[in-house]
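Below is one structure, written out as structure tokens, with a few remarks after it.
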Amino acid sequence: EDQVTQSPEALRLQEGESSSLNCSYTVSGLRGLFWYRQDPGKGPEFLFTLYSAGEEKEKERLKATLTKKESFLHITAPKPEDSATYLCAVQEAYGGATNKLIFGTGTLLAVQP
Amino acid sequence: DTEVTQTPKHLVMGMTNKKSLKCEQHMGHRAMYWYKQKAKKPPELMFVYSYEKLSINESVPSRFSPECPNSSLLNLHLHALQPEDSALYLCASSAQGFYGYTFGSGTRLTVV
């Protein structure tokens, strides 16, 4: 069965203090790895999709990377507005074009001014 | 339109009530999903619809009944729920194949 593990569970940073979040996964065949941001009481907001090892994507202060067994979300010089829960998810094929996203437990990021 | 719209945003219902959650998208996506999320937990898949047909049911109790009347609409009918069913219910949609999901803002359900 596919598994997704995120670490750390919670991370507190000072504004401007760069760091990385980890997502390790075991899947029979990776169809895609996704990063989402979720604010309290809201739905997850799509950030990145990664499909193959070595792939990298960037958006403002965020950069996602992918290896064969894990993905990292690097946060450079974070601001308080980056505070949120960051969710990693892997896509599992079910049959035909049907698939499902399996989420990790998330990392709760708090950036203090 | 790149949004998934869920209504209502909040719902309080008694254990004997019948209510429905509604989800709508106009992105031409042919796959739609219901997820349940408890506090401080990740979203858990409940149902998957592909081309308006139910393709995955993750062993969800029958007190939850999904319906996909057309390619833009997804409903979740609720009946005789338990207090432990209180959660954030999220709807999502995606293009067919291996693409990311677009999530709605969710319905916060409280069962009393």
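The values are calculated or read from the model by the stated rules, or taken from the named source; none is laboratory data. All figures in this text were calculated on a predicted structure; none of them were measured in a lab. Neighbour counts are summed over all protein chains in view; Cβ atoms, including those assigned to glycine, are modelled from backbone coordinates with ideal geometry.
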Of the residues in the range B:42-57, those that are closer than 22 Å to A:Asp39 by Cα and either in contact (Cβ under 8 Å) with a residue 60 or more places away in the chain or at the interface with chain A (Cβ under 7 Å from one of its Cβ atoms) (or both) come to B:Pro42, B:Pro43, B:Leu45
Filter the range A:93-106 for residues that are closer than 12 Å to A:Val4 by Cβ and among the β-branched types (Val, Ile, Thr); the one that is nearest to the other protein chains (Cβ to nearest Cβ) is A:Thr105
The correct count of residues that are among the hydroxyl-bearing types (Ser, Thr, Tyr) and under 16 Å from A:Gly104 (Cβ atoms) in the range B:26-40 is 1
_Residue under question is A:Val90, and the condition is that it be more than 10 Å from every other protein chain (Cβ to nearest Cβ) and closer than 20 Å to B:Met46 by Cβ; does it hold?_
yes
Considering the range B:67-112, residues that are within 14 Å of chain A (Cβ to nearest Cβ) and free of Cβ contacts under 8 Å to residues at least 40 places away in the same chain, and then whichever is surrounded by the most Cβ atoms within 10 Å (Cβ to Cβ), we arrive at B:Gly100
Do we have A:Lys68 as outside any strand (DSSP E or B), modelled with pLDDT under 95 and among the charged types (D, E, K, R) here? yes
B:Phe64 meets each of (1) more than 13 Å from the chain's Cα centre (by Cα); (2) away from chain A (no Cβ under 14 Å); (3) farther than 24 Å from A:Pro40 by Cα; (4) buried (at least 17 other Cβ atoms within 10 Å of the Cβ) with one exception, condition (1)
Being more than 13 Å from the chain's Cα centre (by Cα) and in contact (Cβ under 8 Å) with a residue 60 or more places away in the chain narrows A:Ala77, A:Ala53 down to just A:Ala77
Here the qualifying pairs (Cβ atoms under 7 Å; residues six or more apart or on different chains; first in the range A:12-38 and within 12 Å of A:Arg61 (Cβ to Cβ) and more than 14 Å from every other protein chain (Cβ to nearest Cβ); second among the polar types (S, T, N, Q) and part of a strand (DSSP E or B)) come out as A:Leu13/A:Ser19; A:Glu15/A:Gln112
Q) When you look at A:Glu9, is it at pLDDT 95 or above, touching a strand residue (DSSP E or B) at 6+ places or on another chain (Cβ under 7 Å) and farther than 26 Å from B:Ala87 by Cα, yes or no? A) no
Note on the range A:78-112: residues part of a loop (DSSP other than H, G, I, E, B) and either within 30 Å of B:Lys53 (Cβ to Cβ) or modelled with pLDDT of 95 or more (or both) are A:Pro78, A:Lys79, A:Ser83, A:Gly96, A:Ala97, A:Gly104, A:Gly106
